[in-house]
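Please read the structure below before turning to the comments.
The values are calculated or read from the model by the stated rules, or taken from the named source; none is laboratory data. The structure displayed is predicted, hence computed values, not measured ones. Cβ placement follows ideal geometry from the backbone for every residue including glycine, while neighbour counts extend to all protein chains displayed.
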Ligand code: MG
Ligand code: MG
C-alpha cells in the first residue's frame, strides 16, 4: 500500500476540483424531476465542469481511449441500480431514487462525490434508506482524525446500516484520491477479519480519501448487468450511494466536495 499525503496547498487544489463536482451535482439535484432522462442529467453535469475547464474522469474509464470503457460522463443509478449506472433514455418517475456520481480532474487534481435524490414523494422506507446512507457518511466523516484505524470507523458505519435493517455493499468501496481518481488505500464501509489483517490503516493528516457508503434496502448481494457496468441488487430492492472527498487534518476532517 502506498498512501500519498498531500500538503495544504495540494488539499486546496483538490478543494477547487471538489467545489466543481459539488456545483455539477447540485445542478443535477435541482434538475431531478419526473420526466427528465438520465442522459439529460448527465449533460447538465458535463456542462457544469466543461465551462470551468475540467475533465470528466468517468467517460472511457479506465483506459480513457476514445470509444472504450465507461460510456457516460457521470454514473447515474436508479432504484435497484447501486453504482455505475449508464446515463441514457430512461425517464425518471415519481417514487424513484436516483444516485448521481461525478468525478472530475481540475488542474491536475481529482474530486469525486455522489448524491442520492428522491424523485418526488417516495415511500417512507426509501426516504429512510437515503437518510441512513447520509447519516452513515456523516458519522464516518465526523469520526475521522489522525491516529484512528479505519476499521474502527468502518465498523461504526456497518453498525449504523445494519441496525437500521439495511445492508452494506461488499464488492465496492471508497478509496484514496489525489492526482489519480483511485489511489491507495481502499476505504470500505464495513469491516471483516480479512480487511483487518491485510487492508487496515491508520488515518494520518494529509490523507485524502473518498468515503462512499453504498446501502441496500434488502440483502447485500449485487450483480453486474450484461452491459458490463451497471451494478444492481440481486434481490431487486433499491440502493443509495452518497460520497464525499475528505481530507484528514491535524485535528479531524475537512470535506472537499461540499461546495465551500
Ligand atoms: Mg464517485
Ligand atoms: Mg469514489
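Among the residues of region 215-228, those identified as over 14 Å from residue 127 (Cα atoms) and in contact with a strand residue (DSSP E or B) (Cβ under 8 Å, 6 or more places away or on another chain) are 218, 219, 220, 221, 222, 223, 224, 225. Tally up the residues in region 29-52 that are touching a helix residue (DSSP H, G or I) at 6+ places or on another chain (Cβ under 7 Å), farther than 22 Å from residue 109 by Cα and crowded, with 23+ Cβ neighbours inside 10 Å, please. Within region 29-52, residues that are touching a helix residue (DSSP H, G or I) at 6+ places or on another chain (Cβ under 7 Å), farther than 22 Å from residue 109 by Cα and crowded, with 23+ Cβ neighbours inside 10 Å number 1.
Taking region 53-86 only, how many residues are surrounded by 15 or more Cβ atoms within 10 Å (Cβ to Cβ) and farther than 20 Å from residue 109 by Cα?
15
Restricted to region 110-137, and to residues that are farther than 19 Å from residue 29 by Cα and touching a strand residue (DSSP E or B) at 6+ places or on another chain (Cβ under 9 Å), which residue is farthest from ligand 2 (Cβ to nearest atom)? Checked region 110-137; the qualifying residue farthest from ligand 2 (Cβ to nearest atom) is 136.
Residue 243 falls short on exactly one of the conditions (1) over 23 Å from residue 127 (Cβ atoms); (2) surrounded by 24 or more Cβ atoms within 10 Å (Cβ to Cβ), and that condition is (1). If you filter region 147-171 down to residues that are buried (at least 18 other Cβ atoms within 10 Å of the Cβ) and within 16 Å of ligand 2 (Cβ to nearest atom), you find that the one that is farthest from residue 229 (Cα to Cα) is 150.
Counting only strands (runs of 3 or more DSSP E) wholly contained in region 205-260, the ones carrying 2 or more residues that are touching a helix residue (DSSP H, G or I) at 6+ places or on another chain (Cβ under 8 Å) and within 13 Å of ligand 2 (Cβ to nearest atom) occupy 208-211, 244-248.
Here residue 188 clears all of (1) without any contact (Cβ under 8 Å) to a residue 40 or more places away in the chain; (2) surrounded by fewer than 18 Cβ atoms within 10 Å (Cβ to Cβ) except the condition numbered (2). Scanning region 1-41 for residues that are within 21 Å of residue 245 (Cα to Cα) and in a loop (DSSP other than H, G, I, E, B) yields 1, 2, 3, 4, 5, 6, 7. When you look at residue 110, is it closer than 22 Å to residue 238 by Cβ and within 16 Å of ligand 1 (Cβ to nearest atom), yes or no? Answer is no for this residue. Among the residues of region 180-193, some residue qualifies, meaning at least one is more than 26 Å from residue 229 (Cβ to Cβ) and modelled with pLDDT of 95 or more. Once region 117-136 is narrowed to residues that are within 16 Å of ligand 1 (Cβ to nearest atom) and surrounded by 24 or more Cβ atoms within 10 Å (Cβ to Cβ), the residue that is farthest from the chain's Cα centre (by Cα) is 136.
Regarding region 177-190, can at least one residue be identified that is within 13 Å of ligand 1 (Cβ to nearest atom), in contact with a strand residue (DSSP E or B) (Cβ under 7 Å, 6 or more places away or on another chain) and in a strand (DSSP E or B)? Yes, region 177-190 has at least one match. Scanning region 24-74 for residues that are touching a residue at least 60 places away in the same chain (Cβ under 8 Å) and in contact with a strand residue (DSSP E or B) (Cβ under 7 Å, 6 or more places away or on another chain) yields 24, 25, 28, 29, 32, 38, 57.
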